[in-house]
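For reference, the structure discussed in these notes is given below.
The values are calculated or read from the model by the stated rules, or taken from the named source; none is laboratory data. Owing to the predicted nature of the structure, the values given are computational and were not obtained by experimental measurement. Neighbour counts are summed over all protein chains in view; Cβ atoms, including those assigned to glycine, are modelled from backbone coordinates with ideal geometry.
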Amino acid sequence: MDIRDVQPVLYQRFKKIVQKNSLFHAYLFNGDYFSLDFAIWLAQSLFCQQKEQHLPCGKCRNCQLIAANDFSDVRLIQPVGNTIKVNQVRELISEMSQTGVEGNQRVFIIKSADLLSPGAANALLKFIEEPNPNTYLFLLTNQLGRVLPTIQSRTQIIPFRKNFFAFSEDLKQHDILPTKADLLANVTNSMSDAQLLNESQWFNQGVQFVQKWVTDLANGNKESFVAVGAKLVPIFDDKEKQKVAFNVLAYYFERQMLTSKDSRLSANLFEAEKNFQFNVSFQNCLEMLVIDSLWR
Ligand SMILES: [Zn+2]
């Protein structure tokens, strides 16, 4: 999927910046929707060997190595477990002070910047305040509120809003059934994630269960309490799958609302997801949701 199609407005904006060679030294990309693809494209624009009208070709050796995350002067930093540790950032800053291997420019892309530990964020802040020339930093997040305000105020924040319609259409063109394309466009932010889920047995089975569960709940069926432990928990059996489950739930709750006009359900789901983020177990969150919806 081409960034020109999924983020046309941002593409035009950055195209001008790239053509004028006026990239800022630190960006904060808010929203997961193709923001990594964008950061990679901007990195390619700095190193491409066969630029076409100042834009990266995507085909030369450098462009391909960057896309494969295998280019020494473009580094991708990702959380280890649930956090980006201070030594990861220190290592990165020491690299920042060295000159590049392939040229004098360097690019650092930090995924899930909201997971920077406070120490790591403060270490990074020093770089942002006193940047080395020719060094570019892209911070990616989909939880802007959790990024240190001092980092927010010193970076250029760019919103990456999801274009549901274009994404869903593209999924359909990639052999995803129309009935599933809308759901996948809602619950994922990239083609690769969507394809992965589409081919996962647990996801497909989970979707069937969730769909039935939401209908039962909306109809006041008390079986939905037992079904949490009996059906949903065995399928969504780890934290990552449970996050996906909440997105699938939100999708079907919204559809249910269109027919039932009962806004209590989605308020209860919102509450359940909030509790889940505060480490209440998936099972407890959903059982509470049933109790709140059926017995209160
Ligand atoms: Zn190129």
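Test of understanding: among Q208, Q201, which residue is at pLDDT 95 or above, within 24 Å of the chain's Cα centre (by Cα) and exposed (fewer than 15 other Cβ atoms within 10 Å of the Cβ)?
None of the other options fit; the residue is Q201.
If you go through the stretch 159-181 one residue at a time, how many are in contact (Cβ under 8 Å) with a residue 40 or more places away in the chain and either part of a helix (DSSP H, G or I) or in contact with a strand residue (DSSP E or B) (Cβ under 6 Å, 6 or more places away or on another chain) (or both)?
So the count comes out to 5.
Quick one: count up the residues across the stretch 67-82 that are modelled with pLDDT under 90 and not in a loop (DSSP other than H, G, I, E, B).
So the count comes out to 1.
Return yes or no: is F24 closer than 21 Å to L139 by Cβ, within 20 Å of the chain's Cα centre (by Cα) and touching a residue at least 60 places away in the same chain (Cβ under 8 Å)?
Judged against the criteria, F24 is not a match.
Starting from the stretch 29-56, take each residue that is within 21 Å of N104 (Cα to Cα) and list its partners that are surrounded by 18 or more Cβ atoms within 10 Å (Cβ to Cβ) and among the acidic types (D, E), counting only C-beta distances under 6 angstrom and pairs at least six apart or across chains.
Pairs that qualify, where the first residue is within 21 Å of N104 (Cα to Cα) and the partner is surrounded by 18 or more Cβ atoms within 10 Å (Cβ to Cβ) and among the acidic types (D, E): there are none.
I'm trying to understand the selection: among the residues of the stretch 12-35, which are part of a helix (DSSP H, G or I), surrounded by 19 or more Cβ atoms within 10 Å (Cβ to Cβ) and out of contact with any Leu (no Cβ under 6 Å at 6 or more places or on another chain)?
F14, V18, listed by residue number.
Select from the stretch 182-214 the residues that are assigned to a helix (DSSP H, G or I) and β-branched (V, I, T) and list them in ascending order.
Hits for the stretch 182-214 are V187, V207, V210, V214.
Can you tell me which residue in the stretch 24-61 is farthest from the ligand (Cβ to nearest atom), limited to those that are of a type in the set (S, T, N, Q), out of contact with any Cys (no Cβ under 6 Å at 6 or more places or on another chain) and over 15 Å from I158 (Cα atoms)?
Only one residue tops the list, namely Q53.
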